[in-house]
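Taken together, the values in this text are just the output of simple stated rules run on the coordinates, not laboratory data. Predicted, not measured: the structure shown is a model, and the values here were computed from it. Here the Cβ positions follow ideal geometry from the backbone for every residue, glycine too, while neighbour counts run over all protein chains shown.
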Amino acid sequence: MSITIAPPAVVGGPRLLLRLEGAVIFLLASFAYVVLGFSPMGYFALFLAPDVSFLAYLAGPSVGAFAYNLFHTEACAAVLGVFAWSMGLEPYIGVALIWVAHIGFDRMLGYGLKYASSFQDTHLGALGPAKKAVA
C-alpha cells in the first residue's frame, strides 16, 4: 500500500489574502518603477529573469527548489534594493523593483515557494490537477 502525502499548503481565506497581497506587491513595485522613471524596455526585458532559476531543476528537485525559492523571495530583492539605494546605484534599484514585481505577479497567480518534493508542490498549494492519494 502506497500513500501520497501532500506538503502543507495555505488554504481558504488566508490563501486568497496571500494572492491578493501578491497582486498589491506587483502593482506597487511596477508603479514605483514607472514613477522613478526607469525604462519600460528594461522592465519587459527583465521581468521574467527570476524564472531562469528553473534551470536548477536539472540538478534535481532539492537544488531546483532551493534556487527557485532564493530567486522568488522578496527578502533577496529587498537586500539588492537597499544596497543599491545606499550605494547610489540607481539602475539596480530598478532591477530590484522588477524582481519584486515578478514575485508579486507569481504569488498573485498562485505560484508559491517550492517544496523539494516536486516543482508542483508549493506553499500556496499544488500546481496543476489535484493529486489523489493512492491506496
Under 5 Å between amide H atoms, partner at least 5 residues away or on a different chain: which partners does G125 have, H built in plane at 1.01 Å?
V10
Once you have the Cα-Cα distance between V82 and D51, take 0.36 nm times their residue separation minus that, and quote the gain in nm to one decimal.
8.9 nm
Between A75 and V11, what length in nm is gained on full extension when 0.36 nm per residue of separation is reduced by their alpha carbon distance?
20.7 nm
How large, in Å, is the chain by the Kirkwood hydrodynamic radius built from its alpha-carbon pairs?
16.0
Using alpha carbon centroids, what distance separates segment 10-68 and segment 72-107, in Å?
10
In nm, what is the difference between 0.36 nm times the number of residues separating V63 and L28 and their Cα-Cα distance?
9.5 nm
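If we count every other residue with Cβ under 14 angstrom of Y57's Cβ, Lys/Arg +1 and Asp/Glu -1, where does the sum land?
-1
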List the longest stretch of the chain that has no exposed loop site; here a site is one of the trypsin sites (Lys or Arg not before Pro) assigned by DSSP to anything other than H, G, I, E or B, with at most 15 other Cβ within 10 Å.
1-130
Would you please name the chymotrypsin sites (Phe, Trp or Tyr not before Pro) within segment 33-87 that are DSSP coil residues with at most 16 other C-beta atoms within 10 Å of their C-beta?
F47
Placing each pseudo-label 7 Å from Cα in the direction of the beta carbon, L89 and L20 end up separated by a distance in nanometres of 3.7
Integer Hz, Karplus 6.51/-1.76/1.60 couplings in order for segment 94-99, x for Gly and Pro:
x, 4, 4, 5, 5, 4
Residue-wise HN-Hα coupling along segment 70-81, computed from phi with Karplus coefficients 6.51, -1.76, 1.60 (Hz; x: Gly, Pro)
4, 8, 10, 10, 4, 4, 5, 5, 5, 4, 4, x
Nearest 10 degrees, 0 to 90: what angle lies between the long axis of helix 12-35 and the longest principal axis of the chain (Cα atoms)?
20
